[in-house]
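Q: First, the structure itself, so that you have it in front of you.
What follows is calculated from the coordinates using simple rules that are stated; it is not laboratory data. Since this is a predicted model, take the numbers as computed values, not measurements. Cβ placement follows ideal geometry from the backbone for every residue including glycine, while neighbour counts extend to all protein chains displayed.
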Amino acid sequence: MLPLNKLEMLKQGGYQVAVRGREVEIEFATPTLGDAASDPELGGERRRFVVKGVVEGDVVRLTEAYVEDQTGVRNRVNLRDLELWIDYINSL
């Protein structure tokens, strides 16, 4: 779970955050593989990292996460794999 008040901090950190009613979508565009490796020959494809959740009181309960490539193919991310990220956000 993420505290609802942390969503604004995510926006300041380069994330896109959309809240529609009780539904929350957090999105981050990854650097290209070439940018990340400082080698443009490795490719220019960007991916979207998306985390979805539902507002429950003053927290967001995460319900789904995935990485989406430029063709729209989605690869599910296990929510347990986000625990370090959640701990980091909670520490802000």
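Q: Return the calculated 222 nm mean residue ellipticity for the chain, to the nearest 500 deg cm²/dmol, obtained by summing -39500 (n - 2.57) across DSSP H runs with n ≥ 4 and dividing by the residue count.
A: So the calculated ellipticity at 222 nm is -5000 deg cm²/dmol.
Q: If you add up the charges near Leu33, with Lys and Arg at +1 and Asp and Glu at -1, over every other residue whose beta carbon is less than 14 angstrom from its beta carbon, what do you get?
A: -3
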